[in-house]
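Everything below concerns the one structure shown next.
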Amino acid sequence: AAKRRHGGVTGYDASLDEGDASRLSLQSELRQGIERGELVVFYQPKVDVATRMPCGAEALVRWQHPERGLLAPDVFIPLAEETGLIDLITAEVLDQALAQIARWAELHHELPVSVNIPARSLSDATFPATVAAALDRHRVRPELLTLEITESAVIADMMRAGEVLGGLREQGVNISIDDFGTGYSSIAHLRDMPPHELKIDRSFVMKMCENSRDETIVRAVVDLARNLRLRVVAEGVETESALQALDELGCHEAQGYHISRPLPAADLTAWLAGAASG
Ligand code: C2E
Ligand code: CA
Ligand code: CA
Ligand code: CA
(Lines give C-alpha, C1' and ligand atoms only; values in the text may rest on other atoms or scores of the structure.)
(Ligands and ions follow the chains in the order given, each with its own letter.)
Protein backbone atom coordinates (compact mmCIF):
# COMPACT_ATOMS: atom_id res chain seq x y z
CA ALA A 1 0.00 0.00 0.00
CA ALA A 2 1.09 3.56 -0.60
CA LYS A 3 2.73 5.33 2.31
CA ARG A 4 0.83 8.39 3.49
CA ARG A 5 2.88 11.42 4.29
CA HIS A 6 1.87 14.63 6.04
CA GLY A 7 -0.43 16.87 4.07
CA GLY A 8 -2.11 13.95 2.32
CA VAL A 9 0.73 13.54 -0.18
CA THR A 10 1.46 9.96 -1.09
CA GLY A 11 5.16 9.22 -0.93
CA TYR A 12 7.31 6.56 -2.47
CA ASP A 13 5.41 3.33 -3.00
CA ALA A 14 7.66 0.28 -3.33
CA SER A 15 5.08 -1.50 -5.49
CA LEU A 16 5.61 1.13 -8.18
CA ASP A 17 9.09 -0.07 -9.05
CA GLU A 18 8.32 -3.77 -8.86
CA GLY A 19 8.54 -5.24 -12.31
CA ASP A 20 8.62 -3.75 -15.78
CA ALA A 21 4.86 -4.01 -16.29
CA SER A 22 3.93 -1.59 -13.52
CA ARG A 23 6.79 0.76 -14.48
CA LEU A 24 5.54 0.77 -18.04
CA SER A 25 1.99 1.48 -16.96
CA LEU A 26 3.15 4.29 -14.65
CA GLN A 27 5.14 5.74 -17.54
CA SER A 28 2.17 5.82 -19.90
CA GLU A 29 -0.10 7.09 -17.10
CA LEU A 30 2.41 9.87 -16.45
CA ARG A 31 2.50 10.94 -20.08
CA GLN A 32 -1.31 11.01 -20.11
CA GLY A 33 -1.41 12.79 -16.76
CA ILE A 34 0.90 15.54 -18.06
CA GLU A 35 -1.27 15.96 -21.18
CA ARG A 36 -4.44 16.10 -19.08
CA GLY A 37 -3.00 18.80 -16.87
CA GLU A 38 -2.74 16.69 -13.72
CA LEU A 39 0.57 18.22 -12.60
CA VAL A 40 0.13 20.84 -9.88
CA VAL A 41 2.80 23.09 -8.51
CA PHE A 42 3.12 23.80 -4.79
CA TYR A 43 5.23 26.67 -3.46
CA GLN A 44 7.43 26.63 -0.39
CA PRO A 45 8.45 30.09 0.83
CA LYS A 46 12.00 31.08 1.75
CA VAL A 47 12.85 33.79 4.26
CA ASP A 48 15.76 36.16 4.60
CA VAL A 49 17.51 34.72 7.67
CA ALA A 50 18.45 38.12 9.13
CA THR A 51 15.02 39.79 8.77
CA ARG A 52 12.72 36.75 8.64
CA MET A 53 10.88 38.38 5.72
CA PRO A 54 9.73 36.25 2.76
CA CYS A 55 12.31 36.51 -0.05
CA GLY A 56 11.21 33.86 -2.53
CA ALA A 57 9.60 30.48 -3.04
CA GLU A 58 10.52 27.14 -4.56
CA ALA A 59 8.16 25.52 -7.07
CA LEU A 60 7.67 21.83 -6.17
CA VAL A 61 5.65 19.63 -8.50
CA ARG A 62 2.97 17.12 -7.42
CA TRP A 63 0.84 14.81 -9.53
CA GLN A 64 -2.89 14.92 -8.87
CA HIS A 65 -3.53 11.32 -9.92
CA PRO A 66 -7.19 10.48 -10.55
CA GLU A 67 -7.05 7.27 -8.48
CA ARG A 68 -3.87 7.35 -6.42
CA GLY A 69 -4.36 10.87 -5.04
CA LEU A 70 -1.72 13.58 -4.72
CA LEU A 71 1.63 11.99 -5.55
CA ALA A 72 4.97 13.35 -4.31
CA PRO A 73 7.73 13.97 -6.87
CA ASP A 74 9.94 11.15 -5.58
CA VAL A 75 7.28 8.75 -6.93
CA PHE A 76 7.53 9.93 -10.55
CA ILE A 77 10.53 12.27 -11.10
CA PRO A 78 13.17 9.48 -11.11
CA LEU A 79 11.10 7.52 -13.66
CA ALA A 80 10.55 10.68 -15.69
CA GLU A 81 14.32 11.29 -15.72
CA GLU A 82 14.96 7.79 -17.04
CA THR A 83 12.34 8.00 -19.76
CA GLY A 84 12.82 11.56 -20.99
CA LEU A 85 9.37 12.67 -19.80
CA ILE A 86 11.26 15.00 -17.48
CA ASP A 87 11.61 17.55 -20.30
CA LEU A 88 7.81 17.81 -20.57
CA ILE A 89 7.57 18.19 -16.79
CA THR A 90 10.27 20.88 -16.73
CA ALA A 91 8.44 22.88 -19.42
CA GLU A 92 5.09 22.49 -17.63
CA VAL A 93 6.43 23.51 -14.18
CA LEU A 94 8.31 26.46 -15.69
CA ASP A 95 5.12 27.62 -17.43
CA GLN A 96 2.96 27.31 -14.29
CA ALA A 97 5.60 28.99 -12.11
CA LEU A 98 5.99 31.96 -14.48
CA ALA A 99 2.20 32.38 -14.67
CA GLN A 100 2.18 32.43 -10.86
CA ILE A 101 5.03 34.97 -10.63
CA ALA A 102 2.97 37.23 -12.94
CA ARG A 103 -0.16 36.78 -10.75
CA TRP A 104 1.76 37.58 -7.57
CA ALA A 105 3.27 40.66 -9.23
CA GLU A 106 -0.28 41.89 -9.97
CA LEU A 107 -1.08 41.46 -6.26
CA HIS A 108 2.07 43.49 -5.45
CA HIS A 109 3.94 40.49 -4.07
CA GLU A 110 6.98 40.57 -6.32
CA LEU A 111 8.19 37.15 -5.29
CA PRO A 112 11.19 35.48 -6.95
CA VAL A 113 10.49 31.81 -7.69
CA SER A 114 12.95 28.94 -8.06
CA VAL A 115 12.28 26.06 -10.45
CA ASN A 116 14.07 22.69 -10.33
CA ILE A 117 15.98 21.87 -13.50
CA PRO A 118 17.67 18.51 -14.09
CA ALA A 119 21.28 18.82 -15.27
CA ARG A 120 20.30 17.10 -18.53
CA SER A 121 18.60 20.34 -19.63
CA LEU A 122 22.11 21.81 -19.80
CA SER A 123 22.91 19.50 -22.69
CA ASP A 124 19.98 20.97 -24.66
CA ALA A 125 21.31 23.87 -26.74
CA THR A 126 17.74 25.18 -27.23
CA PHE A 127 17.03 25.41 -23.49
CA PRO A 128 18.00 29.12 -23.08
CA ALA A 129 15.64 30.02 -25.95
CA THR A 130 12.86 27.95 -24.37
CA VAL A 131 13.29 29.82 -21.09
CA ALA A 132 13.45 33.20 -22.87
CA ALA A 133 10.21 32.44 -24.75
CA ALA A 134 8.45 31.42 -21.53
CA LEU A 135 9.57 34.61 -19.74
CA ASP A 136 8.33 36.61 -22.70
CA ARG A 137 4.98 34.85 -22.86
CA HIS A 138 4.28 35.64 -19.22
CA ARG A 139 5.99 39.06 -19.28
CA VAL A 140 8.13 38.16 -16.29
CA ARG A 141 11.47 39.85 -15.58
CA PRO A 142 14.28 37.25 -15.69
CA GLU A 143 15.58 38.43 -12.30
CA LEU A 144 12.47 36.91 -10.72
CA LEU A 145 13.38 33.42 -11.94
CA THR A 146 16.01 31.15 -10.39
CA LEU A 147 16.88 27.80 -11.92
CA GLU A 148 17.96 25.22 -9.31
CA ILE A 149 20.17 22.76 -11.13
CA THR A 150 20.39 19.26 -9.68
CA GLU A 151 23.00 16.83 -10.88
CA SER A 152 21.50 13.37 -10.60
CA ALA A 153 23.92 12.26 -13.32
CA VAL A 154 27.33 13.36 -14.52
CA ILE A 155 27.26 16.20 -17.04
CA ALA A 156 28.58 14.49 -20.17
CA ASP A 157 29.43 17.55 -22.25
CA MET A 158 30.87 20.27 -20.04
CA MET A 159 31.46 22.60 -23.01
CA ARG A 160 27.82 22.48 -24.00
CA ALA A 161 26.66 22.86 -20.39
CA GLY A 162 28.88 25.94 -20.04
CA GLU A 163 27.35 27.48 -23.16
CA VAL A 164 23.79 26.79 -22.02
CA LEU A 165 24.48 28.24 -18.56
CA GLY A 166 26.14 31.25 -20.21
CA GLY A 167 23.06 31.79 -22.36
CA LEU A 168 20.80 31.70 -19.31
CA ARG A 169 23.04 34.06 -17.30
CA GLU A 170 23.14 36.54 -20.18
CA GLN A 171 19.36 36.75 -20.06
CA GLY A 172 19.51 37.70 -16.40
CA VAL A 173 18.11 34.45 -15.01
CA ASN A 174 19.65 33.33 -11.68
CA ILE A 175 21.44 30.00 -11.41
CA SER A 176 21.54 27.95 -8.20
CA ILE A 177 23.38 24.69 -7.55
CA ASP A 178 20.84 22.49 -5.76
CA ASP A 179 21.69 19.80 -3.19
CA PHE A 180 25.21 21.20 -3.04
CA GLY A 181 27.58 18.60 -1.63
CA THR A 182 25.50 15.61 -2.70
CA GLY A 183 25.22 13.86 -6.04
CA TYR A 184 27.68 14.79 -8.72
CA SER A 185 27.86 18.51 -8.08
CA SER A 186 31.50 19.40 -7.64
CA ILE A 187 33.60 22.33 -6.52
CA ALA A 188 35.20 22.49 -9.98
CA HIS A 189 31.85 23.81 -11.31
CA LEU A 190 32.18 26.86 -9.07
CA ARG A 191 35.32 27.81 -10.95
CA ASP A 192 34.25 26.86 -14.48
CA MET A 193 30.53 27.73 -14.44
CA PRO A 194 29.96 30.08 -11.51
CA PRO A 195 26.35 30.13 -10.22
CA HIS A 196 24.63 32.94 -8.29
CA GLU A 197 23.64 30.72 -5.38
CA LEU A 198 24.41 27.50 -3.53
CA LYS A 199 21.61 25.53 -1.92
CA ILE A 200 22.56 23.31 1.02
CA ASP A 201 20.70 20.00 1.01
CA ARG A 202 18.30 19.27 3.84
CA SER A 203 20.27 16.14 4.78
CA PHE A 204 22.97 18.44 6.25
CA VAL A 205 20.61 21.03 7.74
CA MET A 206 17.92 18.96 9.46
CA LYS A 207 20.15 17.71 12.30
CA MET A 208 22.79 20.45 12.30
CA CYS A 209 22.04 21.36 15.93
CA GLU A 210 22.46 17.78 17.15
CA ASN A 211 25.22 16.55 14.89
CA SER A 212 28.46 18.54 14.95
CA ARG A 213 29.66 16.99 11.67
CA ASP A 214 26.53 18.26 9.92
CA GLU A 215 27.05 21.67 11.48
CA THR A 216 30.66 21.70 10.28
CA ILE A 217 29.58 20.90 6.73
CA VAL A 218 26.89 23.61 6.74
CA ARG A 219 29.41 26.11 8.11
CA ALA A 220 31.95 25.16 5.43
CA VAL A 221 29.43 25.58 2.59
CA VAL A 222 28.21 28.94 3.98
CA ASP A 223 31.82 30.15 4.24
CA LEU A 224 32.65 28.88 0.76
CA ALA A 225 29.61 30.63 -0.74
CA ARG A 226 30.25 33.89 1.10
CA ASN A 227 33.92 33.92 0.13
CA LEU A 228 32.94 33.41 -3.51
CA ARG A 229 30.32 36.19 -3.17
CA LEU A 230 27.44 33.79 -3.82
CA ARG A 231 24.06 33.69 -2.10
CA VAL A 232 23.57 30.67 0.13
CA VAL A 233 20.26 29.02 1.00
CA ALA A 234 19.63 26.28 3.58
CA GLU A 235 16.67 23.96 3.07
CA GLY A 236 15.20 21.55 5.64
CA VAL A 237 15.03 24.15 8.43
CA GLU A 238 12.72 22.40 10.90
CA THR A 239 13.44 24.23 14.15
CA GLU A 240 13.96 27.71 15.57
CA SER A 241 17.38 26.62 16.85
CA ALA A 242 18.47 25.67 13.32
CA LEU A 243 17.28 29.05 12.02
CA GLN A 244 19.26 30.82 14.75
CA ALA A 245 22.36 28.72 14.08
CA LEU A 246 22.12 29.61 10.37
CA ASP A 247 21.84 33.29 11.31
CA GLU A 248 25.04 33.03 13.34
CA LEU A 249 26.84 31.27 10.48
CA GLY A 250 25.82 34.05 8.06
CA CYS A 251 23.55 31.97 5.83
CA HIS A 252 21.42 34.32 3.71
CA GLU A 253 18.15 32.43 3.16
CA ALA A 254 16.23 29.60 4.83
CA GLN A 255 13.48 27.24 3.73
CA GLY A 256 11.81 24.48 5.71
CA TYR A 257 8.87 23.22 7.71
CA HIS A 258 9.70 25.63 10.56
CA ILE A 259 8.88 28.48 8.17
CA SER A 260 6.19 26.77 6.08
CA ARG A 261 5.45 23.51 4.31
CA PRO A 262 5.04 23.65 0.51
CA LEU A 263 1.57 25.15 -0.14
CA PRO A 264 -0.86 25.47 -3.05
CA ALA A 265 -0.41 28.91 -4.68
CA ALA A 266 -3.58 30.36 -3.13
CA ASP A 267 -2.46 29.31 0.37
CA LEU A 268 0.95 30.88 -0.16
CA THR A 269 -0.75 34.11 -1.26
CA ALA A 270 -2.61 34.14 2.09
CA TRP A 271 0.62 33.29 3.95
CA LEU A 272 2.41 36.21 2.23
CA ALA A 273 -0.39 38.59 3.17
CA GLY A 274 -0.06 37.41 6.79
CA ALA A 275 3.73 37.83 6.72
CA ALA A 276 3.37 41.38 5.32
CA SER A 277 0.99 42.44 8.11
CA GLY A 278 3.38 40.96 10.72
P1 C2E B 1 14.57 19.36 -3.51
O2 C2E B 1 14.79 20.18 -4.74
O3 C2E B 1 15.75 19.16 -2.63
O4 C2E B 1 13.35 20.05 -2.72
C5 C2E B 1 13.24 20.14 -1.34
C6 C2E B 1 12.43 19.02 -0.76
O7 C2E B 1 12.51 19.08 0.66
C8 C2E B 1 10.92 19.12 -1.07
O9 C2E B 1 10.41 17.79 -1.16
C10 C2E B 1 10.37 19.78 0.19
O11 C2E B 1 9.01 19.53 0.41
C12 C2E B 1 11.24 19.13 1.24
N13 C2E B 1 11.33 19.92 2.46
C14 C2E B 1 11.28 21.26 2.56
N15 C2E B 1 11.45 21.67 3.83
C16 C2E B 1 11.62 20.54 4.55
C17 C2E B 1 11.85 20.32 5.96
O18 C2E B 1 11.93 21.22 6.78
N19 C2E B 1 12.00 19.02 6.34
C20 C2E B 1 11.94 17.98 5.47
N21 C2E B 1 12.07 16.76 5.94
N22 C2E B 1 11.72 18.17 4.14
C23 C2E B 1 11.56 19.44 3.69
P24 C2E B 1 9.45 17.37 -2.36
O25 C2E B 1 8.49 18.47 -2.67
O26 C2E B 1 8.89 16.02 -2.00
O27 C2E B 1 10.44 17.23 -3.57
C28 C2E B 1 11.41 16.22 -3.58
C29 C2E B 1 12.38 16.39 -4.72
O30 C2E B 1 11.72 16.20 -5.97
C31 C2E B 1 12.97 17.79 -4.81
O32 C2E B 1 14.02 17.88 -3.89
C33 C2E B 1 13.44 17.83 -6.26
O34 C2E B 1 14.69 17.21 -6.40
C35 C2E B 1 12.37 16.99 -6.94
N36 C2E B 1 11.41 17.91 -7.57
C37 C2E B 1 10.33 18.54 -7.05
N38 C2E B 1 9.71 19.29 -7.98
C39 C2E B 1 10.42 19.14 -9.13
C40 C2E B 1 10.29 19.66 -10.47
O41 C2E B 1 9.40 20.46 -10.80
N42 C2E B 1 11.24 19.26 -11.37
C43 C2E B 1 12.25 18.41 -11.05
N44 C2E B 1 13.14 18.07 -11.99
N45 C2E B 1 12.40 17.90 -9.79
C46 C2E B 1 11.49 18.27 -8.86
CA1 CA C 1 15.37 22.24 -5.24
CA1 CA D 1 16.94 18.44 -5.84
CA1 CA E 1 17.58 18.95 -1.49
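The values are calculated or read from the model by the stated rules, or taken from the named source; none is laboratory data. All values derive from a computational prediction rather than experimental measurement. Every residue, glycine as well, gets a Cβ built from its backbone with ideal geometry; the counts of neighbours run over all protein chains shown. All accessible areas refer to the heavy atoms of the entire protein, side chains included, with ligands and DNA or RNA removed. Shrake-Rupley method; radii C 1.70, N 1.55, O 1.52, S 1.80 Å.
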Margin query: Going residue by residue through segment 97-110, is there one that turns out to be at pLDDT 95 or above, near ligand 1 (Cβ under 9 Å from one of its atoms) and part of a helix (DSSP H, G or I)?
Written below: yes
Notebook entry, point to check: Does segment 209-249 hold any residues that are among the small types (G, A, S), crowded, with 16+ Cβ neighbours inside 10 Å and under 16 Å from L198 (Cα atoms), and which are they?
Noted result: A225, A234, G236
Item checked: Candidates E148, E92 - the one that is at pLDDT 95 or above, under 24 Å from V232 (Cβ atoms), of a type in the set (D, E) and within 15 Å of the chain's Cα centre (by Cα) -> E148
Note to self: Looking at (1) in contact with a strand residue (DSSP E or B) (Cβ under 6 Å, 6 or more places away or on another chain); (2) within 16 Å of ligand 2 (Cβ to nearest atom); (3) modelled with pLDDT of 95 or more; (4) among the hydrophobic types (A, V, I, L, M, F, W, C), which one does V222 not meet, given that it meets all the others?
What the structure shows: (2)
Next item on the list: Could you check, for segment 162-170, whether at least one of its residues is farther than 28 Å from P78 by Cα, out of contact with any Gly (no Cβ under 7 Å at 6 or more places or on another chain), at pLDDT 95 or above and of a type outside the set (F, W, Y)?
Entry: yes
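Just the residues that are within 18 Å of the chain's Cα centre (by Cα) and either in a loop (DSSP other than H, G, I, E, B) or exposed (fewer than 15 other Cβ atoms within 10 Å of the Cβ) (or both), please, taken from segment 174-187. Full working, then the answer.
Quick first cut of segment 174-187, residues within 18 Å of the chain's Cα centre (by Cα) only: 174-185.
Answer for segment 174-187, where residues must be within 18 Å of the chain's Cα centre (by Cα) and either in a loop (DSSP other than H, G, I, E, B) or exposed (fewer than 15 other Cβ atoms within 10 Å of the Cβ) (or both): G181, T182, G183, Y184, S185.
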Margin query: Which residue is most open to solvent (accessible area, probe 1.4 Å), if the candidates are limited to segment 63-92 and must be within 16 Å of ligand 4 (Cβ to nearest atom) and under 11 Å from L39 (Cα atoms)?
Written below: P73
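Could you tell me whether S241 is part of a loop (DSSP other than H, G, I, E, B) and within 28 Å of A275 (Cα to Cα)?
Details: part of a loop (DSSP other than H, G, I, E, B): no; within 28 Å of A275 (Cα to Cα): yes.
In short, no.
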Margin query: Based on this model, can you work out whether D267 counts as at pLDDT 95 or above, within 16 Å of ligand 1 (Cβ to nearest atom), within 30 Å of Q96 (Cβ to Cβ) and in a helix (DSSP H, G or I)?
Written below: yes
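Among the residues of segment 188-205, which ones are touching a residue at least 12 places away in the same chain (Cβ under 8 Å), part of a helix (DSSP H, G or I) and more than 15 Å from ligand 1 (Cβ to nearest atom)? Working first, answer last.
Taking segment 188-205 as the starting set, the residues that turn out to be touching a residue at least 12 places away in the same chain (Cβ under 8 Å) are 189-190, 192-205.
Right, trim to part of a helix (DSSP H, G or I) and you get 189-190, 192, 202-205.
Result: H189, L190, D192.
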Next item on the list: Output the residues belonging to segment 93-110 that are open to solvent by 10 Å² or more (accessible area, probe 1.4 Å) and farther than 17 Å from T130 by Cβ.
Entry: Q100, A102, R103, A105, E106, L107, H108, H109, E110
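Quick check, is V140 of a type outside the set (S, T, Y), more than 15 Å from ligand 2 (Cβ to nearest atom), open to solvent by less than 30 Å² (accessible area, probe 1.4 Å) and not in a helix (DSSP H, G or I)? First the steps, then the outcome.
Details: of a type outside the set (S, T, Y): yes; more than 15 Å from ligand 2 (Cβ to nearest atom): yes; open to solvent by less than 30 Å² (accessible area, probe 1.4 Å): yes; not in a helix (DSSP H, G or I): yes.
So V140 fits the description; yes.
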Next item on the list: Considering each of L198, L168 in turn, give the residue that is under 20 Å from A134 (Cα atoms) and buried (at least 20 other Cβ atoms within 10 Å of the Cβ).
Entry: L168
